[in-house]
Amino acid sequence: MKKLFILGNWKSNKTLQEALAWKQSFTENTHLDLDTITVIVCPAFHHLSLFEGVTYFSLGVQDLSPFTSGAYTGAISAGMVKDIASYALLGHSERRKHFGETDEIVADKVKQALAVNLRPVVCVSHLDQVKKLKELVPEFTKSGLILYEPLFAIGSGKSDTPENANKTAQEIDNIIPSVPILYGGSVVAENVKGFVTQPYLSGVGVGGASLDPQKFIQLIQAVL
Ligand code: PGA
């Protein structure tokens with residue numbers, strides 16, 4: 001049986017208190033057997049230490065500096081978070097759109113993640129981005145994951161069909177074989193099973209439905 005990944009991306013949301021309330025609600029109310037699923041939660045940087053010691057899920061960051069630690073005001077380097085996070089979500093379409101991230105910048109971030117053993121989860125919306133990733137960071141395949149997110153499906157409430165997502169995942173697999181491929185875009189408890197049962201998909205990325213701990217638990221339960 002393939003190992004499945006469920007990655008929750010909180011994006012630019014939650015005060016410290018809200019994050020603590022989420023943590024309490026999630027950990028108190030859930031007694032799931034997660035042997036076959038890796039749950040990854042990607043809160044904002046300032047939340048990370050709230051989750052120190054949590055074993056129930058892995059922590060990811062939503063972004064990284066393309067540089068090493070040093071004189072880069074405002075940037076969070078891979079080295080700064082490597083002790084607390086295990087995954088780095090990189091190249092999300094919102095970062096590409098609102099922060100001008102190019103494939104080259106994303107590639108630099110991926111290299112930073114790999115250098116400190118953070119597993120990069122690279123978001124792509126087009127096959128060209130996959131080709132570029134392979135060309136710029138061939139070593140990505142060692143530990144990386146791909147999160148395929150068609151732009152129309154992100155935050156719209158209109159997910160792609162599982163069959164379409166699987167077809168694109170197969171095309172991605174043809175370019176970069178043997179890398180786990182996740183689907184993201186309006187995934188909720190009601191539709192998640194359709195995606196994780198596709199042969200070329202190894203999990204899902206979840207935005208909106210990860211913000212409410214109960215909705216997130218329901219989504220995980222729907223996969224089990
Ligand atoms: P959504 O976001 O689940 O709210 O559509 C997905 C994402 O951007 O990862």
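Things worth noting here:
- With 20 Å as the limit on Cα-Cα distance, the pairs of Lys109/Lys132; Lys11/Lys111; Lys109/Lys131; Lys97/Lys132; Lys11/Lys215; Lys3/Lys111 that go past it are Lys11/Lys111; Lys3/Lys111.
- Averaged per residue, region 82-206 has 44 square angstrom of accessible surface, using a 1.4 angstrom probe with ligands and nucleic acids left out.
- Cut-off 16 Å, label 7 Å out along Cα→Cβ of Lys158, residues of region 175-214 by amide N: 185-187
- Lys/Arg +1, Asp/Glu -1 at C-beta; region 74-159 dipole; positive extreme among Val124, Ala85, Ser159: Ser159
- Taking region 23-136 and dividing mean pair separation by its residue count, relative contact order in percent (alpha carbons under 8 Å, at least six apart): 22
- Cα centre as origin, Lys/Arg/Asp/Glu Cβ charges: the chain dipole, Debye: 100
- Heavy-atom surface analysis with a 1.4 Å probe gives the chain a carbon and sulfur content of 51 percent of its accessible area.
- Modelled FRET efficiency - R0 25 Å, Glu18 with Glu171, Cβ distances, 0.05 increments: 0.05
- Once the Cβ-Cβ distance of Ser25 and Thr197 is raised to the sixth power relative to R0 = 25 Å, the FRET efficiency obtained is 0.35.
- Given 14 as the ceiling on other Cβ atoms within 10 Å, longest exposed-site-free region of the chain for GluC sites (Glu not before Pro) in DSSP loops: 53-189
- Mean separation of Cα contacts under 8 Å, 6 or more apart, over the residue count of the chain: relative contact order %: 20
- For region 118-157, the spread of Cα coordinates along the three principal axes comes to 35, 22, 9 Å, biggest extent given first.
- For the pair region 40-89 and region 104-144, the centres of their Cα atoms are 17 angstrom apart.
- Fully extended contour minus Cα-Cα distance, from Gln218 to Val188, at 0.36 nm per residue: 9.9 nm
- For the chain, radius of gyration divided by Kirkwood radius, i.e. Rg to Rh on alpha-carbons: 0.94
The values are calculated or read from the model by the stated rules, or taken from the named source; none is laboratory data. No experiment lies behind these values; they were computed from the predicted model shown. Cβ coordinates were reconstructed from backbone atoms using ideal geometry, including for glycine residues, and neighbour counts include every protein chain displayed. We work out accessible area using only protein heavy atoms, side chains counted, and drop any ligands, DNA or RNA first. Shrake-Rupley method; radii C 1.70, N 1.55, O 1.52, S 1.80 Å.
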